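Beneath this line is the structure, given in structure tokens, with notes to follow.
The values are calculated or read from the model by the stated rules, or taken from the named source; none is laboratory data. Everything numeric here is computed off the predicted structure, so don't read it as measured data. Neighbour counts run over all protein chains shown; Cβ positions are idealised from the backbone, glycine included. We work out accessible area using only protein heavy atoms, side chains counted, and drop any ligands, DNA or RNA first. Shrake-Rupley method; radii C 1.70, N 1.55, O 1.52, S 1.80 Å.
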Amino acid sequence: MTGNGDSGAVGGVSALPGTAPRSGLRRTVAPQRGTQETLGYRGPSACAAAGITYRQLDYWARTGLVEPSLRSAHSPGTPRLYSFRDVLVLKIVKRLLNAGMSLQSIRAAVAVLRTEDMAELSRTTLMSDGAAVYRCASVEEMAELLRGGRGIFGIAVGAVRAEVETALAQLQAERVEAGKAEPVDHPGDELARRRRRSG
């Protein structure tokens with residue numbers, strides 16, 4: 001296996017910025033706004049979907065690790081509002097922390113997760129050897145990392161996205177338009193209304 005002169009690279013795979021010297025990504029683009037990006041989730045819903053505690057959510061927001069992109073808590077009584085992408089990032093951060101990743105590496109991964117095109121991100125696998133996080137978009141790139149004989153773990157972002165979508169479909173959301181957030185009917189509410197009408 002040949003390196004490319006970058007101590008943070010393995011073969012043709014580069015570590016995410018911040019996890020190793022002089023490393024880079026193929027490309028980063030602004031996130032696309034879609035239906036998921038117009039729905040917001042308050043703290044309890046974000047916690048439930050990401051599998052974290054409210055204490056973790058609050059701490060990560062206060063330290064800037066994962067801040068809510070739709071509405072931050074400017075003053076007491078103002079609830080934070082997290083986007084679908086925010087919740088996806090929260091769930092991945094939890095998995096990286098559980099795997100023992102350094103905060104520096106996690107922050108680098110978060111920067112990519114926050115800005116990468118969602119469709120491209122869903123085809124990505126984040127791999128780590130414990131020292132750096134690598135962004136792999138193909139089986140060949142993953143195989144290149146594994147050839148080194150190091151212990152590697154991976155997170156298939158598309159699979160995590162599917163888990164988050166399933167969880168959030170059962171939780172309360174707010175539609176965000178023109179700076180305003182309006183409650184969206186809970187999936188169970190519609191079912192209850194139908195039962196009342198038929199009964």
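Number of residues in the range 99-118 that are within 19 Å of residue 158 (Cα to Cα) and either over 13 Å from the mean Cα position of the chain (by Cα) or not aliphatic (A, V, I, L, M) (or both): the value is 5. Of all residues in the range 58-69, those satisfying the criterion of being within 20 Å of residue 39 (Cβ to Cβ) and assigned to a loop (DSSP other than H, G, I, E, B) are 66, 67, 68, 69. The criterion of at least 1 residues that are within 19 Å of residue 52 (Cβ to Cβ), without any contact (Cβ under 8 Å) to a residue 12 or more places away in the chain and of a type in the set (Gly, Ala, Ser) is met, among helices (runs of 4 or more DSSP H) falling completely within the range 70-170, by 157-168.
Would you mind stating whether residue 149 is open to solvent by 10 Å² or more (accessible area, probe 1.4 Å) and in contact with a Leu (Cβ under 7 Å, 6 or more places away or on another chain)? No; evaluated as a whole, the condition is false for this residue. Quick check on my filter: what residues within the range 152-175 are farther than 21 Å from residue 126 by Cβ and open to solvent by 40 Å² or more (accessible area, probe 1.4 Å)? Answer for the range 152-175, where residues must be farther than 21 Å from residue 126 by Cβ and open to solvent by 40 Å² or more (accessible area, probe 1.4 Å): 169, 170, 171, 172, 175. Restricting the range 52-70 to residues that are open to solvent by 30 Å² or more (accessible area, probe 1.4 Å) and either of a type in the set (S, T, N, Q) or touching an Asp or Glu at 6+ places or on another chain (Cβ under 9 Å) (or both), the residue that is farthest from residue 155 (Cα to Cα) is 70.
Looking at the range 124-140, which of the residues that are more than 17 Å from the chain's Cα centre (by Cα) and modelled with pLDDT under 85 is surrounded by the most Cβ atoms within 10 Å (Cβ to Cβ)? Among those that are more than 17 Å from the chain's Cα centre (by Cα) and modelled with pLDDT under 85, it is 132.
Scanning the range 105-123 for residues that are surrounded by fewer than 16 Cβ atoms within 10 Å (Cβ to Cβ) and either at pLDDT below 85 or of a type in the set (Ser, Thr, Tyr) (or both) yields a count of 1.
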